[in-house]
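In what follows, a single structure is set out as structure tokens and then discussed.
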Amino acid sequence: MTDSKLQQITARIAERSRDSRAAYLEKVNTMRNDGPTRQRLSCGNLAHAFAASPQEDKERLARTDAPNLGVISAYNEMLSAHQPYGTYLEPIREAAHKEGMTAQFAGGVPAMCDGVTQGRDGMELSLFSRDVIAMSTAVALSHDMFDGFMCLGVCDKIVPGLFMGSLSFGHLPAIFIPAGPMTPGLPNSEKVRVRQLFAEGKVGREELLKAESDSYHSPGTCTFYGTANSNQMLMEIMGLHLPGSSFVNPGTDMREALTQAAVKQLAAITREDNRVSMSDIVNEKTVVNAIVGLMATGGSTNHAIHLVAMARAAGIQINWQDMSDISDITPLLCRIYPNGMADVNRFQAVGGMGFLMRELRSVGLLHDDVKTVMGEGGLEPYTQEPFVENGEVVWRPAPEQSLDDDVLRPASNPFNTNGGLRLLKGNLGRSVIKVSAVKPEKRKVKAPAIVFHTQEDMLDAFKNGELEKDFVAVVRFQGPKSNGMPELHKLTPSLGVLQDRGFKVALVTDGRMSGASGKVPAAIHLTPEALDEGPIGLVQAGDMIELDPDAGVLELLVDEAELAKREHAREDLRFRHHGMGRELFAPLRAAVGMAEEGATVFEWE
């Protein structure tokens, strides 16, 4: 039985989305087709499409009676998470042949690494790359050659972009294929220690680089529970991955077997008598399940933006109030870094997604009447985990008990009774905060503002010893319209050092933190942003700010008359966006919507 409050929240989302969802489904239905889509192509179209294919595939494609599967990949060698995809194509093609089908590489999508661009000019392209990926996905599928498709992607903007682009082809079956996390490296507690020592100037760059290299050391996803691994959890809980496939390491027999099994399953749901399209899977209940998973695991704050945009691509309208309300009724069942010290490999080993989903399902916190890539059986298959038997993947029930209560717990004994993501409201606007890793005594901060316009300005003030006091760092002109909303992850070590020294510190920004936002209270994604005439643009140094996550309050303690006087002196920092390709993204900065609407350039409704 689904929890009654969850049903109420889902019902209001469905009502709010009624017109936009109907419009989306109407669009999808006009694209549905009986039989392979290639039947509509001319001989010239077909000849171009399979000119470079092997003769056997040409014959199959020419007959137009066997499904053709498209492959969209974010492969590149610089992203450790995506490097394994370089060897996926031929095994995928072989698996398709075994099912009497063909497979073609439909196209690649850009894939930038936020870990490389963190704190650099290139980070200003990061959020917009999501929408570029969505468009690139559409370009890849626009040839109308495919009867189903698979998306190969893992990291921060890549999975949301693939998801959004795929929904424009929601009449087709689709499956997402992960590559898995790298094996454990330097313990997270040691990595954090070295980062903070470097921030204090107590160790040098050599020691820092060694710690970082020991942490990020091989092919696979970074092992902390940031946006990339939150993406993988979302795809599995939404039923777009195979059960238990999200956190299996690259280069293992299991990983290879799961990839083969994913192609086999896509082939199964592409056949007319068993067809399950992406629009069949993604609906209001699926999106609510995704939010529940995000809260139960302490997932990335970036999804307060991405998940909104992803839902809107399917005509579903969610907002931060929905997320906050779902967080209130969802127990926190995981402690994975930065919300604990374990990595995702440990999470997988002690019970993983199968245990998590069974626990959430058992207390009515997942809608079970949904379709998945496994068919129409609801989420029961996702309470199991995969094993290899005679070269084939088989599924067995996930462990009855967690093997480590410090990492993963049952719903009857959670780490917290709520998921820790909260909506903050007040005269500064609306923002979100994640408190699952913030100690209760550190959450409420009432202190004078210190205003910065760049990360570098704040870091310089820290290095110069100017921040040895209680304060609220107001970092503005960091929103999507201003500079593409870069992550401000570089601020985390310095703020953590100050908090450890006993000061009451907090961050208020119209920008983003990273999926690794942690122990310092941070009111992020503040909307309206400074460049959109948001009140954050009126804050002056010394103004008192009150941040209280428990009460859901973010207030600038300055009277309205004083704020009105400041309007004429409002700053307008339209920074020069040249270099690192930033000038090419001017049209996107001009068109982008507000953070709570997904910070996207697309107008879905």
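The values are calculated or read from the model by the stated rules, or taken from the named source; none is laboratory data. Keep in mind that what you see is a predicted model, and the values were worked out from it rather than measured. Positions of Cβ are generated from backbone atoms using ideal geometry, with glycine treated the same way; all protein chains shown enter the neighbour counts.
Taking the criterion of being over 30 Å from ALA564 (Cα atoms) and out of contact with any strand residue (DSSP E or B) (no Cβ under 8 Å at 6 or more places or on another chain), the residues of segment 498-534 that qualify are ASP500, ARG501, GLY502, GLY515, ALA516, GLY518, LYS519.
Residue-level check: of (1) under 18 Å from the mean Cα position of the chain (by Cα); (2) at negative phi, GLU207 misses just (1). A single member of MET135, MET164 is farther than 19 Å from LEU240 by Cα and under 18 Å from the mean Cα position of the chain (by Cα), and it is MET135.
Checking ASP460, ASP405 one by one, the residue that is out of contact with any Leu (no Cβ under 8 Å at 6 or more places or on another chain), surrounded by fewer than 18 Cβ atoms within 10 Å (Cβ to Cβ) and not assigned by TED's automatic domain parsing to the domain that holds LYS519 is ASP405 and no other. Each residue in segment 545-571 was checked for being assigned to a strand (DSSP E or B) and either free of Cβ contacts under 8 Å to residues at least 12 places away in the same chain or at positive phi (or both), and 0 of them qualify.
Would you check if SER436 is outside the structural domain of GLN260 (by TED's automatic domain parsing) and surrounded by 22 or more Cβ atoms within 10 Å (Cβ to Cβ)? Yes, satisfied. Among the residues of segment 74-98, write down those that are in contact (Cβ under 8 Å) with a residue 24 or more places away in the chain, closer than 17 Å to LEU258 by Cα and buried (at least 19 other Cβ atoms within 10 Å of the Cβ). Result: ALA81, HIS82, PRO84, TYR85, TYR88, ILE92, ALA95, ALA96. Filtering segment 324-335 to residues that are crowded, with 24+ Cβ neighbours inside 10 Å and closer than 13 Å to LEU294 by Cβ leaves ILE326, SER327, THR330, LEU333, CYS334.
With respect to LEU186, determine if the residue is under 30 Å from GLU26 (Cα atoms) and of a type outside the set (Asp, Glu). Against the criterion (under 30 Å from GLU26 (Cα atoms) and of a type outside the set (Asp, Glu)), LEU186 does not qualify. Of all residues in segment 498-528, those that are under 16 Å from TRP320 (Cα atoms) and of a type in the set (A, V, I, L, M, F, W, C) total 4. ALA95 - would you say it is in a helix (DSSP H, G or I), more than 23 Å from the chain's Cα centre (by Cα) and within 18 Å of LEU266 (Cα to Cα)? Spelling it out, ALA95 is indeed in a helix (DSSP H, G or I), more than 23 Å from the chain's Cα centre (by Cα) and within 18 Å of LEU266 (Cα to Cα). Sub-6 Å Cβ pairs linking a first residue in segment 188-213 that is within 28 Å of VAL407 (Cα to Cα) and touching a residue at least 40 places away in the same chain (Cβ under 8 Å) to a second residue that is part of a helix (DSSP H, G or I) and β-branched (Val, Ile, Thr), at least 6 apart or interchain, are GLN196/VAL497, ordered by first then second residue.
So that you can scan it fast, the table gives a plain yes or no per residue for (1) within 21 Å of ALA138 (Cα to Cα); (2) touching an Asp or Glu at 6+ places or on another chain (Cβ under 8 Å); (3) of a type in the set (A, V, I, L, M); (4) in a helix (DSSP H, G or I):
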| site | (1), (2), (3), (4) |
| --- | --- |
| ASN33 | yes, no, no, no |
| GLN39 | yes, no, no, yes |
| ALA47 | no, no, yes, yes |
| LEU69 | yes, yes, yes, no |
| ASN76 | yes, no, no, no |
| SER80 | no, no, no, no |
| PRO84 | no, no, no, yes |
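Of all residues in segment 378-392, which are farther than 13 Å from MET353 by Cα, out of contact with any Lys or Arg (no Cβ under 9 Å at 6 or more places or on another chain) and of a type outside the set (Asp, Glu)? Within segment 378-392, VAL388, ASN390, GLY391 meet the criteria. Set side by side, the residues SER482, SER494 differ, and just one is within 21 Å of PRO338 (Cα to Cα), crowded, with 17+ Cβ neighbours inside 10 Å and among the polar types (S, T, N, Q), which is SER494. Candidates are the residues of segment 396-427 that are among the hydrophobic types (A, V, I, L, M, F, W, C) and part of a loop (DSSP other than H, G, I, E, B); the one that is farthest from VAL539 (Cα to Cα) is ALA398.
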